[in-house]
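Working notes for the structure below.
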Amino acid sequence: MFDPVKAWHEEHMYFGRLLALLQHEMDVFATGDTPNYSLMLDIIEYLRDYADQYHHPREDAVFAKVLLKHPDRRLPLARLQQEHRVIAHAGIALQRMLEELQSDAVLSRSEVEVAAATYLVYYGNHIMREEEDILPLAAKALTPQDWTAAAAAAPGGEDPVFGKNPKARFHELRRRIALEAA
Ligand SMILES: [Fe+2]
Ligand SMILES: [Fe+2]
């Protein structure tokens with residue numbers, strides 16, 4: 001039977017793996033070498049395509065259900081929703097910079113490092129707080145009907161990298177993930 005909490009947790013693990021790959025490329029950047037910009041852009045594109053458009057809206061719908069049962073959690077839930085908006089904007093900013101770097105534009109190193117660090121740290125903390133505070137709470141508080149209603153309230157979309165029918169344009173990203181896992 002489909003377990004929504006397990007699926008939710010798995011997506012966080014996937015995102016964590018991609019953020020670690022992104023961090024690795026930023027470590028290469030720190031040494032002065034050229035990182036793999038196309039891999040970095042694939043990661044951001046995936047997170048923008050899938051996490052921003054489907055994972056986060058689904059969470060927003062789940063948070064609304066959790067709030068009904070735990071009104072005392074209003075502030076942390078609102079904060080996580082705000083973070084979804086910040087993550088989306090930070091992702092766009094970082095994507096633009098990486099696209100410029102890939103086309104050999106000259107950008108200040110620190111500007112790129114700040115944008116990447118903001119994205120990586122913010123995203124990592126966001127996922128950690130959801131995992132520690134909200135997943136266990138939702139697992140206890142929500143009924144199967146709540147999960148179904150929350151899923152229906154958000155747009156549904158297939159994961160183009162980790163899903164059953166991965167998209168061809170993410171082939172290289174999948175290859176890199178498989179290499180990391182080996
Ligand atoms: Fe989230
Ligand atoms: Fe999440």
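Summary table below
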quantity: Conditions (1) out of contact with any helix residue (DSSP H, G or I) (no Cβ under 9 Å at 6 or more places or on another chain); (2) farther than 24 Å from Glu172 by Cβ: number failed by Phe63; calculated: (1)
quantity: Test set (1) closer than 17 Å to Arg174 by Cβ; (2) away from ligand 1 (no atom under 16 Å from the Cβ); (3) surrounded by 19 or more Cβ atoms within 10 Å (Cβ to Cβ) - Arg17 fails condition number; calculated: (3)
quantity: Lone unmet requirement of (1) in contact with a helix residue (DSSP H, G or I) (Cβ under 8 Å, 6 or more places away or on another chain); (2) open to solvent by 70 Å² or more (accessible area, probe 1.4 Å); (3) in a loop (DSSP other than H, G, I, E, B) for Leu107; calculated: (2)
quantity: Inter-residue pairs, beta-carbon under 8 Å, first farther than 15 Å from Leu18 by Cα and in contact (Cβ under 8 Å) with a residue 24 or more places away in the chain and in the stretch 156-169, second of a type in the set (Phe, Trp, Tyr) and surrounded by 11 or more Cβ atoms within 10 Å (Cβ to Cβ), 6+ apart; calculated: Gly156/Tyr54; Gly157/Tyr50; Gly157/Tyr54
quantity: Ala151 being open to solvent by less than 40 Å² (accessible area, probe 1.4 Å), within 21 Å of the chain's Cα centre (by Cα) and in contact (Cβ under 8 Å) with a residue 60 or more places away in the chain; calculated: no
quantity: Residue match in the stretch 3-10 (condition: closer than 21 Å to His171 by Cα and modelled with pLDDT of 95 or more); calculated: yes
quantity: Among (1) more than 16 Å from ligand 1 (Cβ to nearest atom); (2) surrounded by fewer than 14 Cβ atoms within 10 Å (Cβ to Cβ); (3) part of a helix (DSSP H, G or I) - the single one Val121 does not satisfy; calculated: (1)
quantity: Answer residue from the stretch 154-182, given it is in a loop (DSSP other than H, G, I, E, B) and among the charged types (D, E, K, R) and is nearest to the chain's Cα centre (by Cα) among those; calculated: Asp159
quantity: Yes/no for Leu47 being in a helix (DSSP H, G or I) and either open to solvent by 60 Å² or more (accessible area, probe 1.4 Å) or more than 16 Å from Ala181 (Cβ to Cβ) (or both); calculated: yes
quantity: Exclusive hit being open to solvent by less than 70 Å² (accessible area, probe 1.4 Å), closer than 24 Å to Trp8 by Cα and at pLDDT 95 or above, set Ala88, Ala116; calculated: Ala88
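The values are calculated or read from the model by the stated rules, or taken from the named source; none is laboratory data. Owing to the predicted nature of the structure, the values given are computational and were not obtained by experimental measurement. Because the Cβ atoms are built from the backbone with ideal geometry, glycine has one as well, and the counts that use them run over all protein chains shown. With ligands, DNA and RNA removed, areas are computed over all heavy atoms of the protein, side chains included. Shrake-Rupley method; radii C 1.70, N 1.55, O 1.52, S 1.80 Å.
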